[in-house]
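The structure appears right after this line, and notes come after that.
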Amino acid sequence: MRFTVFVTAALAAFTMSVEAVRNLQKFKVQTKVIEGNRKFDGLWASLYHTGAGTADVYFHNNRTAAFSAFLNHTQFQWVYTGVSQIPYALNLQYQTYAAWGPLEVSPGYGSDYYGKGFVFKNGNQIVDKFEEWTGWLVCDWWHQVPQLFWTQIGAKVKVIPSCAKVQLIART
Ligand SMILES: *[C@@H]1O[C@H](CO)[C@@H](O)[C@H](O)[C@H]1NC(C)=O
Ligand SMILES: *[C@@H]1O[C@H](CO)[C@@H](O)[C@H](O)[C@H]1NC(C)=O
(Lines give C-alpha, C1' and ligand atoms only; values in the text may rest on other atoms or scores of the structure.)
(Ligands and ions follow the chains in the order given, each with its own letter.)
Protein backbone atom coordinates (compact mmCIF):
# COMPACT_ATOMS: atom_id res chain seq x y z
CA MET A 1 0.00 0.00 0.00
CA ARG A 2 2.68 2.47 1.01
CA PHE A 3 4.64 1.45 -2.05
CA THR A 4 1.69 2.20 -4.39
CA VAL A 5 1.26 5.64 -2.86
CA PHE A 6 4.94 6.35 -3.29
CA VAL A 7 4.96 5.27 -6.95
CA THR A 8 1.87 7.38 -7.73
CA ALA A 9 3.44 10.44 -6.11
CA ALA A 10 6.68 9.90 -8.02
CA LEU A 11 4.77 9.58 -11.30
CA ALA A 12 2.82 12.77 -10.58
CA ALA A 13 6.06 14.64 -9.94
CA PHE A 14 7.47 13.27 -13.18
CA THR A 15 4.54 14.26 -15.39
CA MET A 16 4.40 17.73 -13.80
CA SER A 17 7.93 18.62 -14.84
CA VAL A 18 7.83 20.91 -17.86
CA GLU A 19 10.26 21.14 -20.69
CA ALA A 20 12.08 24.44 -20.65
CA VAL A 21 11.28 26.85 -23.47
CA ARG A 22 14.42 27.79 -25.33
CA ASN A 23 15.68 31.24 -26.27
CA LEU A 24 14.03 32.40 -29.57
CA GLN A 25 11.59 29.45 -29.49
CA LYS A 26 8.06 30.56 -30.43
CA PHE A 27 5.20 30.15 -28.01
CA LYS A 28 1.69 31.38 -27.24
CA VAL A 29 0.93 32.91 -23.87
CA GLN A 30 -1.72 31.43 -21.57
CA THR A 31 -2.95 32.75 -18.22
CA LYS A 32 -3.04 30.74 -15.00
CA VAL A 33 -4.99 32.48 -12.22
CA ILE A 34 -3.28 32.44 -8.83
CA GLU A 35 -5.63 34.86 -7.03
CA GLY A 36 -8.92 36.55 -7.94
CA ASN A 37 -11.55 36.09 -10.62
CA ARG A 38 -11.32 32.56 -12.10
CA LYS A 39 -12.90 33.64 -15.40
CA PHE A 40 -9.46 34.89 -16.44
CA ASP A 41 -7.96 31.38 -16.20
CA GLY A 42 -6.65 29.63 -19.31
CA LEU A 43 -6.99 32.61 -21.67
CA TRP A 44 -4.69 33.28 -24.63
CA ALA A 45 -2.83 36.52 -25.35
CA SER A 46 -3.27 38.61 -28.48
CA LEU A 47 -2.41 42.16 -29.48
CA TYR A 48 -4.97 44.95 -29.49
CA HIS A 49 -4.10 47.66 -32.02
CA THR A 50 -3.76 51.07 -30.37
CA GLY A 51 -1.86 53.14 -32.96
CA ALA A 52 0.84 53.04 -35.62
CA GLY A 53 2.90 50.03 -34.58
CA THR A 54 1.65 50.00 -31.00
CA ALA A 55 -0.60 47.56 -29.23
CA ASP A 56 -1.89 46.46 -25.83
CA VAL A 57 -1.91 42.82 -24.75
CA TYR A 58 -5.39 41.39 -24.26
CA PHE A 59 -6.81 37.89 -23.74
CA HIS A 60 -9.50 35.65 -25.23
CA ASN A 61 -10.23 31.91 -25.29
CA ASN A 62 -9.17 30.98 -28.84
CA ARG A 63 -5.69 29.45 -29.00
CA THR A 64 -5.63 29.48 -32.81
CA ALA A 65 -6.23 33.22 -32.90
CA ALA A 66 -3.58 33.97 -30.25
CA PHE A 67 -0.41 35.80 -31.30
CA SER A 68 3.00 34.14 -31.14
CA ALA A 69 5.88 35.52 -29.15
CA PHE A 70 9.41 34.56 -28.13
CA LEU A 71 12.08 35.70 -25.73
CA ASN A 72 15.27 37.01 -27.29
CA HIS A 73 17.37 36.71 -24.13
CA THR A 74 15.57 39.21 -21.83
CA GLN A 75 13.51 40.89 -24.59
CA PHE A 76 9.88 39.83 -25.00
CA GLN A 77 9.20 39.98 -28.74
CA TRP A 78 5.83 39.52 -30.44
CA VAL A 79 5.40 38.09 -33.89
CA TYR A 80 3.08 40.89 -34.96
CA THR A 81 1.15 40.01 -38.09
CA GLY A 82 0.68 43.68 -39.07
CA VAL A 83 4.00 44.58 -40.66
CA SER A 84 6.58 41.84 -41.08
CA GLN A 85 10.33 42.33 -40.67
CA ILE A 86 9.77 44.75 -37.79
CA PRO A 87 10.48 43.61 -34.24
CA TYR A 88 7.79 44.33 -31.65
CA ALA A 89 8.77 44.42 -28.01
CA LEU A 90 6.76 44.30 -24.81
CA ASN A 91 7.49 47.18 -22.42
CA LEU A 92 6.24 47.88 -18.93
CA GLN A 93 4.93 51.40 -18.35
CA TYR A 94 5.48 52.79 -14.88
CA GLN A 95 2.43 54.37 -13.27
CA THR A 96 3.26 56.85 -10.50
CA TYR A 97 1.63 56.29 -7.08
CA ALA A 98 -0.21 53.23 -8.43
CA ALA A 99 -0.48 49.57 -7.45
CA TRP A 100 -0.28 48.41 -11.06
CA GLY A 101 0.62 49.80 -14.44
CA PRO A 102 -0.05 49.09 -18.12
CA LEU A 103 2.25 47.70 -20.77
CA GLU A 104 2.80 48.65 -24.37
CA VAL A 105 3.96 46.68 -27.39
CA SER A 106 5.98 48.94 -29.68
CA PRO A 107 8.57 48.58 -32.46
CA GLY A 108 12.08 47.66 -31.38
CA TYR A 109 13.96 45.40 -29.01
CA GLY A 110 12.58 46.72 -25.74
CA SER A 111 13.52 49.87 -23.85
CA ASP A 112 16.15 49.83 -21.10
CA TYR A 113 14.85 48.37 -17.83
CA TYR A 114 11.15 48.27 -18.83
CA GLY A 115 11.71 46.01 -21.83
CA LYS A 116 14.84 44.08 -20.87
CA GLY A 117 13.98 41.91 -17.90
CA PHE A 118 11.87 39.01 -19.16
CA VAL A 119 13.02 35.49 -18.32
CA PHE A 120 11.59 31.98 -17.95
CA LYS A 121 11.03 30.55 -14.49
CA ASN A 122 10.43 26.83 -13.81
CA GLY A 123 10.76 26.11 -17.52
CA ASN A 124 7.82 27.89 -19.09
CA GLN A 125 6.56 30.61 -16.76
CA ILE A 126 7.40 34.13 -17.94
CA VAL A 127 8.47 36.55 -15.23
CA ASP A 128 10.31 39.87 -15.19
CA LYS A 129 13.50 40.22 -13.20
CA PHE A 130 13.20 44.03 -13.30
CA GLU A 131 13.32 45.16 -9.65
CA GLU A 132 10.04 47.15 -9.76
CA TRP A 133 8.01 44.23 -11.18
CA THR A 134 6.18 42.02 -8.66
CA GLY A 135 3.70 40.11 -10.83
CA TRP A 136 1.11 39.97 -13.63
CA LEU A 137 -2.47 41.16 -13.36
CA VAL A 138 -5.32 40.70 -15.83
CA CYS A 139 -8.34 43.02 -15.65
CA ASP A 140 -11.43 43.83 -17.68
CA TRP A 141 -10.36 47.34 -18.56
CA TRP A 142 -10.53 50.16 -21.11
CA HIS A 143 -10.79 47.90 -24.18
CA GLN A 144 -13.68 46.10 -22.43
CA VAL A 145 -11.82 42.80 -22.70
CA PRO A 146 -9.30 41.19 -20.31
CA GLN A 147 -6.08 43.22 -20.53
CA LEU A 148 -2.55 42.67 -19.22
CA PHE A 149 -1.07 44.80 -16.40
CA TRP A 150 1.92 44.43 -14.07
CA THR A 151 1.96 45.00 -10.34
CA GLN A 152 4.51 47.48 -9.02
CA ILE A 153 6.81 47.25 -6.05
CA GLY A 154 5.84 49.17 -2.93
CA ALA A 155 2.09 48.70 -3.26
CA LYS A 156 -0.06 46.14 -1.49
CA VAL A 157 -2.28 44.92 -4.32
CA LYS A 158 -5.90 44.32 -3.41
CA VAL A 159 -7.30 42.15 -6.20
CA ILE A 160 -10.60 43.79 -7.19
CA PRO A 161 -13.40 41.61 -8.70
CA SER A 162 -12.67 42.68 -12.29
CA CYS A 163 -9.06 41.47 -11.99
CA ALA A 164 -6.97 38.41 -11.19
CA LYS A 165 -3.32 37.86 -10.37
CA VAL A 166 -2.01 35.45 -12.97
CA GLN A 167 1.04 33.59 -14.12
CA LEU A 168 1.88 33.84 -17.82
CA ILE A 169 2.71 30.41 -19.24
CA ALA A 170 4.58 29.97 -22.53
CA ARG A 171 2.92 27.14 -24.53
CA THR A 172 4.96 25.89 -27.46
C1 LIG B 1 -10.52 30.81 -33.58
O2 LIG B 1 -9.65 31.57 -34.38
C3 LIG B 1 -9.50 31.06 -35.70
C4 LIG B 1 -8.41 31.87 -36.39
O5 LIG B 1 -8.67 33.25 -36.32
C6 LIG B 1 -10.83 31.10 -36.42
O7 LIG B 1 -10.70 30.57 -37.73
C8 LIG B 1 -11.85 30.28 -35.62
O9 LIG B 1 -13.13 30.40 -36.21
C10 LIG B 1 -11.90 30.76 -34.18
N11 LIG B 1 -12.75 29.87 -33.40
C12 LIG B 1 -13.78 30.32 -32.67
C13 LIG B 1 -14.53 29.26 -31.89
O14 LIG B 1 -14.11 31.49 -32.61
C1 LIG C 1 17.66 39.75 -30.73
O2 LIG C 1 17.90 41.06 -30.25
C3 LIG C 1 19.02 41.72 -30.82
C4 LIG C 1 19.10 43.10 -30.18
O5 LIG C 1 19.16 43.03 -28.80
C6 LIG C 1 18.83 41.83 -32.32
O7 LIG C 1 20.00 42.40 -32.89
C8 LIG C 1 18.58 40.47 -32.91
O9 LIG C 1 18.28 40.61 -34.30
C10 LIG C 1 17.38 39.82 -32.23
N11 LIG C 1 17.10 38.51 -32.76
C12 LIG C 1 15.90 38.15 -33.22
C13 LIG C 1 15.80 36.75 -33.75
O14 LIG C 1 14.94 38.89 -33.20
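The values are calculated or read from the model by the stated rules, or taken from the named source; none is laboratory data. Given the structure is predicted, the values throughout are model-derived calculations rather than measurements. Virtual Cβ from ideal backbone geometry, glycine too; neighbours counted across all protein chains shown.
Things to note:
- Count of residues meeting criterion [surrounded by fewer than 19 Cβ atoms within 10 Å (Cβ to Cβ) and either within 16 Å of ligand 1 (Cβ to nearest atom) or more than 23 Å from Arg22 (Cβ to Cβ) (or both)] in the stretch 68-84: 5
- Some residue of the stretch 39-47 being in a strand (DSSP E or B) and among the acidic types (Asp, Glu): no
- Search result, residues across the stretch 137-172 that are assigned to a strand (DSSP E or B) and more than 12 Å from Phe40 (Cα to Cα): Phe149, Trp150, Thr151, Gln152, Ile169, Ala170, Arg171
- Test result for Ser46, closer than 19 Å to Ile169 by Cα and either at pLDDT 95 or above or away from ligand 2 (no atom under 16 Å from the Cβ) (or both): yes
- Criterion applied to Phe40, Phe59 was being surrounded by 12 or more Cβ atoms within 10 Å (Cβ to Cβ) and either within 26 Å of Ser111 (Cβ to Cβ) or within 16 Å of ligand 1 (Cβ to nearest atom) (or both), and the one residue passing it is Phe59.
- You will find that of Ser68, Ser111, Ser106, the residue that is within 16 Å of ligand 2 (Cβ to nearest atom), within 24 Å of Gln25 (Cβ to Cβ) and out of contact with any Phe, Trp or Tyr (no Cβ under 9 Å at 6 or more places or on another chain) is Ser111 and no other.
- Qualifying residue in the stretch 69-80 (condition: at pLDDT 95 or above, aliphatic (A, V, I, L, M) and outside any loop (DSSP other than H, G, I, E, B)): yes
- Among residues of the stretch 148-160 that are hydroxyl-bearing (Ser, Thr, Tyr), those with a beta-carbon under 8 Å from a residue that is assigned to a loop (DSSP other than H, G, I, E, B) at least six positions away or on a different chain give the pairs Thr151/Ala99; Thr151/Val157.
- Count of the stretch 105-127 residues which are among the basic types (Lys, Arg) and either within 16 Å of ligand 1 (Cβ to nearest atom) or more than 15 Å from Arg22 (Cβ to Cβ) (or both): 1
- Residues that are in contact with a strand residue (DSSP E or B) (Cβ under 9 Å, 6 or more places away or on another chain) and more than 25 Å from Thr74 (Cβ to Cβ), drawn from the stretch 133-154: Cys139, Asp140, Trp141, Trp142, His143, Val145, Pro146
- Subset of the stretch 14-38 [of a type outside the set (Val, Ile, Thr) and either without any contact (Cβ under 8 Å) to a residue 60 or more places away in the chain or within 16 Å of ligand 2 (Cβ to nearest atom) (or both)]: Phe14, Met16, Arg22, Asn23, Leu24, Gln25, Lys26, Phe27
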